1. Using packing as a proxy for protection, rank 13-20, 112-119 so that the peptide with the highest average count of other Cβ atoms within 10 Å comes first.
2. So if I place +1 on the C-beta of Lys and Arg and -1 on the C-beta of Asp and Glu, and nothing else carries charge, what would the dipole magnitude of the stretch 1-107 be about its Cα centre? I want it in debye, nearest 20.
3. With a 10 Å Cβ neighbour count serving as the proxy for reagent exposure, in which order, fewest first, do Tyr75, Tyr29 appear?
4. With 5 Å bins from zero, work out the P(r) of the stretch 2-118 over every alpha carbon pair and list the percent per bin.
5. Kindly rank 100-109, 86-95, 36-45 from highest to lowest mean number of other beta carbons found within 10 Å of each residue.
6. Let me have the relative contact order for the chain, percent, based on Cα pairs under 8 Å that are six or more residues apart.
7. Cross-link partners among lysines for Lys113, C-alpha distance below 30 Å, same-chain residues fewer than 8 apart left out?
8. Can you give the calculated 222 nm mean residue ellipticity of the chain, where each DSSP H run of n ≥ 4 adds -39,500 (n - 2.57) and the sum is split over every residue, rounded to the nearest 500 deg cm²/dmol?
Amino acid sequence: SLSLIAEVNGVPCGSVWMTPISVGGIDGYLLGPLATHPDFRKRGAGKLLAKEVTRLALERGEGSFVLLVGDRDYYCPLGWVPTELGAIEFPGPVDPTRVLVYSADPTMATRLKGPIKAFGAGTRS
C-alpha cells in the first residue's frame, strides 16, 4: 500500500491511502480514503493529494491504473474517467456511476471487468 500525508508549514492538511488491487487480471490501485483537514477544504489540497499519490503509484511501474469511487465533477477534470457500469465487482455495495479510473491507457475504462482481487493476481498491462 501507499499513503501520503500533506503538510503546510508543518500542519497536516490531508491524507490519502492507495491499496494495490487486481481487476480482470490487470494490476492497479484503489484510491481511498482521501481526507482533508477542515481548515484546508476548498483550497485544492484533496485534488493535489489525489494527483500526487496517483503519479507516485503509477511511476512504480507495477500497476496500470488507479480506481476510485467518487464524484465525477471532482475527479474527471483531474483525468479520471467513468468505467463501464457494473463491470467491476466490489466486495460491498458501490454506486456504479461513481466508479472512475485513471490510466495512461485510454482503453482501460472499458477493459476493466470482474471482481477486485489481490494485487499480483493478474499482470501489469
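1. Listed from highest to lowest mean packing, they are 13-20, 112-119.
2. 380 debye
3. Numbers: Tyr75 24, Tyr29 27.
Listing Tyr75, Tyr29 from fewest to most nearby Cβ atoms yields Tyr75, Tyr29.
4. 2, 12, 23, 24, 19, 11, 6, 2, 1
5. Working: 100-109: 17.3, 86-95: 11.4, 36-45: 13.4.
Ranked from most to least packed, the peptides come out as 100-109, 36-45, 86-95.
6. Numbers: 254 pairs, mean separation 37.1, N = 125.
Reported relative contact order: 30 percent.
7. In chain and number order, the partners are Lys47, Lys51.
8. It lands at -5000 deg cm²/dmol.
Every number here is computed from the coordinates shown, using simple stated rules; none is lab data. This one's a predicted model, so the numbers in the text were calculated from it and none came from an experiment. As a convention, Cβ positions derive from the backbone with ideal geometry for all residues, glycine included, and neighbour counts pool all protein chains shown.
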